[in-house]
Amino acid sequence: MNIAPGIRISNRGEDFIVLNVTDNFDGTSILDVEGISELVRGKRFSFDTKIEPKIQALDPINTTLQPDVDSGIEKLNSF
């Protein structure tokens, strides 16, 4: 698995950004990540690639960009 800091990954149905990668003695890695999808946003985790076999690197080529049509002003005025 070719994962480096800055890459987005998916694991356990959530998306994360990789902050740091530490190599294990057995060729696997510990990934220090921060959540970016709604449920885990802003929370930090560590995943061991030896025991988390379903980690997938997200390819930016397959990313669909969506315009932000929400003006933050409306949210501020809704108090």
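The values are calculated or read from the model by the stated rules, or taken from the named source; none is laboratory data. Just so you know, these numbers come straight off a predicted model, no measurement behind them. Positions of Cβ are generated from backbone atoms using ideal geometry, with glycine treated the same way; all protein chains shown enter the neighbour counts. Note: accessible area is taken over every heavy atom of the protein model, side chains too, but ligands, DNA and RNA are not part of it. Shrake-Rupley method; radii C 1.70, N 1.55, O 1.52, S 1.80 Å.
Values computed for the structure shown
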| quantity | calculated |
| --- | --- |
| Correct choice for Rg and Dmax of the Cα atoms in Å that was computed from the model, options (1) 15.9, 55; (2) 14.4, 46; (3) 13.4, 38 | (1) |
| Selected from 31, 61, 46, residue furthest toward positive end of dipole (the stretch 11-62; charges at beta carbon) | 46 |
| The stretch 1-71 - accessible surface per residue (Å², probe 1.4 Å) | 74 Å² |
| Peptides ranked, highest mean first, by Cβ atoms within 10 Å: ranges 9-22, 34-47 | 9-22, 34-47 |
| Check: the chain dipole with +1 on Lys, Arg Cβ and -1 on Asp, Glu Cβ, in debye | 120 debye |
| Contact order relative to length of the chain, as percent, for alpha carbon pairs under 8 angstrom and 6 or more apart | 24 percent |
